[in-house]
Every structure is written in C-alpha cells, then in structure tokens.
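Visitor: Before we start, here is the structure in question, set down as structure tokens.
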Amino acid sequence: MFWFLHLTFPAPDHTLDFWMGKWNVYVDGKLAGADVVTSELGGYACTEEWKGLENGDVGKSQFYYLPAQKRWKQVWITPVGVYKEKLSEPAPNGVRFAGKVFLPAGRTIEDRTTLTRMPGGRVHQVIEAKIKGVWTTRFDAIYRRD
C-alpha cells in the first residue's frame, strides 16, 4: 500500500525550527494573543494555531515541505472563509512566505509574512499586504516564550 516508503527521501528542512514552540505574541508591547507552532511528520510539516485576544481572532496554518523545490508551503485557514496560500523564500536571519489571501467573495490580495530570529530566542513577525500597489504592514509583532 505504501510503496513509496521504500524510496530514498531527502532529509527534512530545518528552516522553521527557530519558530517551534509556545509563544505569547506582543504588538506595541501589549499582549495580542498566543501562538503554538509544532513540528510534525518527522520535520516535513508543522502546524500553527493562533488565538488572538479579540473574540473570533483564531486561525490555523499547515506548513509542509516541498523537497523538489526546497521550499515550504503555508496554507492559513480562518473560521470566516478567508485563507492564505504562500511559499517560502529566504530572508535575512529568517524566512518569508509570499503568496495570496483569498477572500470569501473571490477577491485576492498579495500577502507576505516575514519571520526573523531575534536575540534571546524571540521572533519578529511582520505581515504585509499589497494595497493599491503598495506593501502595507498589517501586523508587526514580537513572539516571546514568557
């Protein structure tokens, strides 16, 4: 049944290892929510579970490694029908995911998220959207393991 188990596969990629864990997320020094990022399937996938402080501010991401492309793919899903699909690319001291946000009415918006390692094991996350041709910051947060 699982004939592919007898093939040789490349080792999993460790690009996202610095982001694994349980986080308190701060915007402008104020707690904005909590995020849990876990490695799965031997390092070929990871799951992110976001819970903001505002009612309904929740979402989940599934990341999976694409060995042939040497990239990660992210699919972010919310309970209101908004989802994102993005691919990784290198960024200084971290990783960026670039792709699109798909809105319920069929409209799409270009979107990118940059995760940067910081001193003390913290992570800086910036989410931007391309609005009228200009990249605009929509979320700028610091992840801490309080």
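The values are calculated or read from the model by the stated rules, or taken from the named source; none is laboratory data. Being a predicted model, the structure only gives us computed values, none of them experimental. Backbone-built Cβ (ideal geometry, glycine too); neighbour counts: all protein chains shown.
Visitor: Among the residues of the range 76-93, what is the count of those that are touching a Lys or Arg at 6+ places or on another chain (Cβ under 7 Å), within 25 Å of Ile142 (Cβ to Cβ) and surrounded by fewer than 19 Cβ atoms within 10 Å (Cβ to Cβ)?
Guide: The qualifying residues number 4.
Visitor: When the residues of the range 34-68 are filtered to those that are touching a residue at least 12 places away in the same chain (Cβ under 8 Å) and part of a loop (DSSP other than H, G, I, E, B), which remaining residue is farthest from Lys86 (Cα to Cα)?
Guide: The residue in question is Leu53.
Visitor: Continuing with this model, one more query. Determine which single condition Arg96 fails, assuming it passes every other condition in (1) surrounded by fewer than 16 Cβ atoms within 10 Å (Cβ to Cβ); (2) part of a strand (DSSP E or B); (3) charged (D, E, K, R).
Guide: So the condition that Arg96 fails would be (1).
Visitor: Output the number of the condition that Leu66 fails; it satisfies all remaining conditions of (1) modelled with pLDDT of 95 or more; (2) farther than 24 Å from Gly33 by Cα.
Guide: Of everything listed in (1) modelled with pLDDT of 95 or more; (2) farther than 24 Å from Gly33 by Cα, Leu66 misses just condition (1).
Visitor: Would you check which residues across the range 38-64 are of a type in the set (Val, Ile, Thr) and under 19 Å from Glu89 (Cβ atoms) and list them?
Guide: Within the range 38-64, no residue meets the criteria.
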